[in-house]
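One structure is given here, and the rest of the page talks about it.
The values are calculated or read from the model by the stated rules, or taken from the named source; none is laboratory data. Source: prediction; values computed, not measured. Here Cβ is always computed from backbone atoms with ideal geometry, including for glycine, and neighbour counts include all displayed protein chains.
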There are 2 protein chains.
Amino acid sequence: MSTSTSLNEQEAREQLLELAAEFYDQFAEGDVPRMQIPTRTKSNIEYDEEKDVWVYGDRSSTRSAKTVSGAQKLLKATYTIDFLANQLEEDRSSTLRELYYLSESWDLDEAQFNTQDESNNLIEDLEIVSEVKREDFHMRPEESGAKVMGPLLLREQTRRGDREIHCQKDVGQGGYQIPNNPDTIEFLENDADFVLAVETGGMRDRLVENGFDDEYNSIVVHLGGQPARATRRLIKRMRNELDLPVVVFADGDPWSYRIYGSVAYGSIKSAHLSEYLATPDAQYIGIRPEDIVEYDLPTDPLSDSDVNALESELEDPRFQTEFWEEQIELQLEIEKKSEQQSLAARGLDFVTDTYLPTRLEEMNVL
Amino acid sequence: MSTSTSLNEQEAREQLLELAAEFYDQFAEGDVPRMQIPTRTKSNIEYDEEKDVWVYGDRSSTRSAKTVSGAQKLLKATYTIDFLANQLEEDRSSTLRELYYLSESWDLDEAQFNTQDESNNLIEDLEIVSEVKREDFHMRPEESGAKVMGPLLLREQTRRGDREIHCQKDVGQGGYQIPNNPDTIEFLENDADFVLAVETGGMRDRLVENGFDDEYNSIVVHLGGQPARATRRLIKRMRNELDLPVVVFADGDPWSYRIYGSVAYGSIKSAHLSEYLATPDAQYIGIRPEDIVEYDLPTDPLSDSDVNALESELEDPRFQTEFWEEQIELQLEIEKKSEQQSLAARGLDFVTDTYLPTRLEEMNVL
């Protein structure tokens, strides 16, 4: 995808309409209309050395009007482009689910979606082919972004005017709520040394209660489990625009390594957006399997699905580094996992007084 | 529970320590120490006519040191009271999960918790017996509160000083994030006519995009699925302190009726807190089964578990009203359910231009 910055409504609209125009031209030239899309599976992602992110490889499939089902897909794409172009003209927005339901009002039965997976996939296809991001054609996610607390003054452009918000002084204990489209945010001033992305709400609240963001000039971003696109985008922008190192603090289990992976490497579903969403040099601060051993943390045994997930990560190109191979193999050996909050077994201040400062120094972040 | 307002640290601490003192007195008098707790099941909740909420009935069980397992429960209770008393003295707080892990640092192995369910249940027991709410002994939930958007100016007391926040003018598109303990909030001014609690993020964003809160002087509270205690508490306070009617807008399925139920009637697990959390005259605006028929909404068929949940609701004393019996029986008859966002099949503005205003007038809220 060539666009790593936002498009305005007019540009996004034009790029979408161009796509419909291509179908028209193919018809006019006596060709069968078609749309070519990269295969979106783990086996078709590869590392882009230059951009330092994982992107789709060369394998692709073609949606062609040669078959009835292919023709129906292109028909649905055309109706969706029409809807999106109108939406952009009116400066409106909608959710993926609304699009699915909206299609019921379309005049042609064959153009209506049968399942929400179908409309979701089509939107991803259109993102890839038109090179316009979902956010830029004003499709809002269901999932909302998470919360920010730290020494950062920003300006958010809302539908009701601009808002200047300091993410410590102008917010409650709950922090600043990331909007669906974080490209409406402009960073004004900051006094931060690094970004700490935290998986769980309980740990986020512990850090805020202990004043970690204040004492260590840290922007604490709550991921809330698997992070929303909005959260990943904001973290990436803090890395690039504010030149801040990013560390990810999660539970010590394979699902949390995936959360780290989606911040650092992007997800397979959205590899066309890696350049826009991923923070390749984000580092994993913990919980690491080595911490489970070193700090003798309370643990749970690995379940079968944990073991499978770890083994699948060993085969994932994105985890084939010395660091991850060592940690994952150690975890398979000790057969245990620990949560972030298990650090409380050493007292409520251990995480902010000892664990994080020690590790941040080792990582040369402090 | 006698306390429907907040206790300060000193009062909460004293009430907890009194409980430990009772065990001591029972010992001193040559009695076997014990603690009596109401049975927390659906069959032991009943309607309190005076307070207009559902509370626990007369059935109770006794934890007594006569048995080894009973003695261990009281031992754990004593250690937990000690921990909480220290926490209150130091004006700290912790999460339920931290408490579970913290117990690993206690000197007596028998006092440590074996599972998190065990520590969670003990905290609920202590809430009931000590008549101190979890929030007042500074146990934070994992779940965080949801978001507010509307014509309301409030002051939140944070650990870093007071913050005055207007829930339209001082927040981004994401709104004001409800803190874990909403009793740190003071309502200063408002220009609202009613509170609209919304289940899904997609619909919350639709209402905000369409300016519904502004046009109809409505405080839009995002529930985010099953609402956190903090969210339910804040809604209850808006009802009582601001004298605003409350309506709940959710999907048209049995799980969403339970969400409504937890706002209006409280939950079985926390019936001892109904007076503090429940908003008995909250009304259910929709989606109603009658809407599915009247507006010919896009639907999904009821699953077996949907049917079971509806049948169980018919037997739940909290749903035994003419309104609910009619709606639930209609739904079992049509065998269909619809989501809030299915209203989009009639256009993106239908919900704010037609559906909600019409229903609000019928309900005499507008």
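Note on segment A:150-201: residues that are more than 26 Å from A:Glu339 (Cβ to Cβ), part of a strand (DSSP E or B) and not aromatic (Phe, Trp, Tyr) amount to 18. Cβ-Cβ contacts under 6 Å between residues 6 or more apart (or on different chains), taken from a first residue in segment A:106-119 that is in a loop (DSSP other than H, G, I, E, B) to a second residue that is aromatic (Phe, Trp, Tyr), are listed as A:Trp106/A:Tyr79; A:Gln112/A:Trp106; A:Phe113/A:Tyr100.
Got at least one residue in segment B:158-175 being among the β-branched types (Val, Ile, Thr), surrounded by 19 or more Cβ atoms within 10 Å (Cβ to Cβ), within 25 Å of the chain's Cα centre (by Cα) and more than 14 Å from chain A (Cβ to nearest Cβ)? It would help to see each step written out before you state the result.
Just the residues of segment B:158-175 that are among the β-branched types (Val, Ile, Thr), to begin with: B:158, B:165, B:171.
Filter again for surrounded by 19 or more Cβ atoms within 10 Å (Cβ to Cβ), leaving B:165, B:171.
From what is left, the residues that are within 25 Å of the chain's Cα centre (by Cα) are B:165, B:171.
Filter once more, so that each one left must be more than 14 Å from chain A (Cβ to nearest Cβ): none.
Among the residues of segment B:158-175, not one is among the β-branched types (Val, Ile, Thr), surrounded by 19 or more Cβ atoms within 10 Å (Cβ to Cβ), within 25 Å of the chain's Cα centre (by Cα) and more than 14 Å from chain A (Cβ to nearest Cβ), which makes the answer no.
For segment B:192-209, filtering for residues that are surrounded by fewer than 21 Cβ atoms within 10 Å (Cβ to Cβ) and modelled with pLDDT under 95 leaves 1.
Just checking, does segment A:107-118 include any residue being buried (at least 16 other Cβ atoms within 10 Å of the Cβ), within 11 Å of chain B (Cβ to nearest Cβ) and touching a helix residue (DSSP H, G or I) at 6+ places or on another chain (Cβ under 9 Å)? For segment A:107-118, residues buried (at least 16 other Cβ atoms within 10 Å of the Cβ), within 11 Å of chain B (Cβ to nearest Cβ) and touching a helix residue (DSSP H, G or I) at 6+ places or on another chain (Cβ under 9 Å): present. Can you find even one residue in segment A:43-62 that is touching a strand residue (DSSP E or B) at 6+ places or on another chain (Cβ under 7 Å) and farther than 22 Å from A:Ser270 by Cα? Among the residues of segment A:43-62, not one is touching a strand residue (DSSP E or B) at 6+ places or on another chain (Cβ under 7 Å) and farther than 22 Å from A:Ser270 by Cα, which makes the answer no. Could you check segment A:265-291 and list, in sequence order, the residues that are β-branched (Val, Ile, Thr), within 16 Å of the chain's Cα centre (by Cα) and either at pLDDT below 90 or not in a loop (DSSP other than H, G, I, E, B) (or both)? The answer is A:Ile268, and nothing else.
Would you mind finding the one in A:Leu332, A:Leu348, A:Leu302 that is touching a residue at least 12 places away in the same chain (Cβ under 8 Å) and more than 23 Å from A:Thr200 (Cβ to Cβ)? Even if it seems obvious, please write down each step before you answer.
On the way: A:Leu348 fails: more than 23 Å from A:Thr200 (Cβ to Cβ); A:Leu302 fails: more than 23 Å from A:Thr200 (Cβ to Cβ).
The conditions single out A:Leu332.
Could you list, in sequence order, all residues of segment B:68-90 that are outside any helix (DSSP H, G or I) and touching a Lys or Arg at 6+ places or on another chain (Cβ under 9 Å)? Within segment B:68-90, none qualify.
The residue list B:Phe323, B:Phe350 contains one member that is surrounded by fewer than 18 Cβ atoms within 10 Å (Cβ to Cβ), in contact with a strand residue (DSSP E or B) (Cβ under 8 Å, 6 or more places away or on another chain), of a type in the set (Phe, Trp, Tyr) and assigned by the TED database to the domain that holds B:Gly201, which is B:Phe323. Taken over segment B:139-149, the criterion of being at the interface with chain A (Cβ under 7 Å from one of its Cβ atoms) and either outside any loop (DSSP other than H, G, I, E, B) or farther than 22 Å from A:Met203 by Cα (or both) is satisfied by B:Arg140, B:Lys147.
This table checks each residue for (1) more than 10 Å from chain A (Cβ to nearest Cβ); (2) more than 19 Å from B:Ser274 (Cα to Cα); (3) touching a strand residue (DSSP E or B) at 6+ places or on another chain (Cβ under 7 Å); (4) in contact (Cβ under 8 Å) with a residue 60 or more places away in the chain.
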| residue | (1), (2), (3), (4) |
| --- | --- |
| B:Gln177 | no, yes, yes, no |
| B:Asp191 | yes, yes, no, no |
| B:Leu196 | yes, yes, yes, yes |
| B:Leu207 | yes, yes, yes, yes |
| B:Asn210 | no, yes, no, yes |
| B:His222 | no, yes, yes, yes |
| B:Arg237 | yes, no, no, no |
| B:Asn240 | yes, no, no, no |
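Listed by first and then second residue, the pairs with beta-carbon distance under 6 Å, at least 6 apart or on different chains, first residue in segment B:83-102 and more than 17 Å from A:Leu207 (Cα to Cα), second of a type in the set (Asp, Glu), are B:Leu88/B:Glu9.
Can you find even one residue in segment B:13-32 that is assigned to a strand (DSSP E or B), farther than 27 Å from B:Arg92 by Cβ, at pLDDT 90 or above and of a type outside the set (Asp, Glu)? Give the steps one after another, and end with the answer.
So in segment B:13-32, the residues assigned to a strand (DSSP E or B) come out as none.
There is no residue in segment B:13-32 that is assigned to a strand (DSSP E or B), farther than 27 Å from B:Arg92 by Cβ, at pLDDT 90 or above and of a type outside the set (Asp, Glu).
Each residue in segment B:210-230 was checked for being crowded, with 19+ Cβ neighbours inside 10 Å, in a helix (DSSP H, G or I) and at pLDDT 95 or above, and 2 of them qualify.
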